[in-house]
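The values are calculated or read from the model by the stated rules, or taken from the named source; none is laboratory data. Quick caveat: nothing in here was measured; it's all calculated off a predicted structure. Note that we place each Cβ from the backbone using ideal geometry, even for glycine, and neighbour counts take in every protein chain shown.
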Amino acid sequence: MRIFAYMTAALLCIMPARALASDSTVVSSPHPGIREVSGSFLRPLGQRDSVLVADQLMYGFRLDGVQEGTGFAFPDYSKGFRDSVEVISPWILDTLDFRKGKKGAPGTFSLEGSVVITSFDEGDYLLPPISVLRQTADGTVDTLLFNPQTLEVKTIPVDTAVFQIHDIKGQIRYPLTLKEILPYLIGGWLFAVLVILVVCLVKMRRKGGLSGILRKEPAHIVALRKLDHLRGNKLWAADKQKTFYSGVTDALREYIVSRYGISAMEMTTKEIFDDLRGKDIPADIYEEMKGLFERADFVKFAKYVATDEENASAVPAAVRFVTQTYQSEVEAESENVEGKEKSETSRTDVNI
């Protein structure tokens, strides 16, 4: 049976057992209740013939013939026990050679306890004796005082005959390899290609070279598509009418910007229709659109609730405005083309 216990408490830890120092040497003590006992040890953790600075050692005791039924308490070495010697591990307990008792008698075993210590200074240090409190099964309490050990710490000797002081060497500079430089070269090359591509695209766009690729859809097609998404009565509810009328008027504002070159997105309804006055817009379409925009302003800003009839007429009215103004633009362009053709024909006749 092997038991390992680690004690980090500020005072003592009790372990059930009963001790008889049968094999350990007991020395008479002038103090009643204190029994001076041999059996302490100082054992290096590494296999060395001497102890060097920072070497770790186990300082503890071994007590043989311990009987079950008694308790032990151990000193707290968490704060160390002298200068220049540090305790780096709490108590480690180990039970060895357990033997069962005969005819119901308690069993016996050997108890070994130790702490791990070290020192960072050269010298000889007398370690304190290990004091262990014992309480037997019949209630008798006494103290076992294990003999102290001497710790002798040495440093590695320096041969002054051949010792030579050297300057601090600088850092070793290794030559750069292609494997180290290659990622940076590839990254720089890709960045340069990206910059050149962006510059070329900007120049081509300015020259109109991308007009075929980046050709925009006609303004009336964009407006009609947006208006088509607003058809139906799904946005006619009172709490959704603001979204409905905002969608209708925004589509018309964008169309007016493209069709007439008016900054309709930043203008009020009055400013928009003041600028549209005199344009090639039929009077009935003009008044219908003006009423639609004014109704949208009431819905968005005055919490006006439009009727179903007003809602149903909003999208068709907007579509009529787009189609009528677009057709007038096409007709104007056709007239211009015909006028140019006639003028060219007349010039040809005169030349003949």
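The set of residues in segment 82-100 being in contact (Cβ under 8 Å) with a residue 24 or more places away in the chain, farther than 20 Å from residue 38 by Cα and either in contact with an Asp or Glu (Cβ under 7 Å, 6 or more places away or on another chain) or not in a strand (DSSP E or B) (or both) consists of 84 alone. Considered as a group, the residues in segment 324-351 that are modelled with pLDDT of 75 or more and out of contact with any His (no Cβ under 7 Å at 6 or more places or on another chain) include one that is nearest to residue 231 (Cα to Cα), and that residue is 324.
Considering 150, 108, the condition of being surrounded by 16 or more Cβ atoms within 10 Å (Cβ to Cβ), closer than 28 Å to residue 33 by Cα and touching a Leu at 6+ places or on another chain (Cβ under 8 Å) is satisfied by 108 alone.
Within segment 251-275, the set of residues being under 45 Å from the mean Cα position of the chain (by Cα) and more than 13 Å from residue 315 (Cβ to Cβ) comprises 254, 265, 266. Quick check: is even one residue across segment 270-292 touching a residue at least 12 places away in the same chain (Cβ under 8 Å), part of a helix (DSSP H, G or I) and within 19 Å of residue 232 (Cβ to Cβ)? Within segment 270-292, one or more residues are touching a residue at least 12 places away in the same chain (Cβ under 8 Å), part of a helix (DSSP H, G or I) and within 19 Å of residue 232 (Cβ to Cβ). Does residue 230 satisfy the condition of being assigned to a loop (DSSP other than H, G, I, E, B) and either assigned by TED's automatic domain parsing to the domain that holds residue 321 or loosely packed, with under 10 Cβ neighbours inside 10 Å (or both)? So residue 230 fits the description; yes. Taking segment 35-75 as the range and being polar (S, T, N, Q) and in a strand (DSSP E or B) as the test, the residues that pass are 40, 56, 67, 70. Condition first: among the polar types (S, T, N, Q), surrounded by fewer than 16 Cβ atoms within 10 Å (Cβ to Cβ) and closer than 25 Å to residue 229 by Cα. Can you find one or more residues in segment 269-291 that meet it? Among the residues of segment 269-291, not one is among the polar types (S, T, N, Q), surrounded by fewer than 16 Cβ atoms within 10 Å (Cβ to Cβ) and closer than 25 Å to residue 229 by Cα, which makes the answer no.
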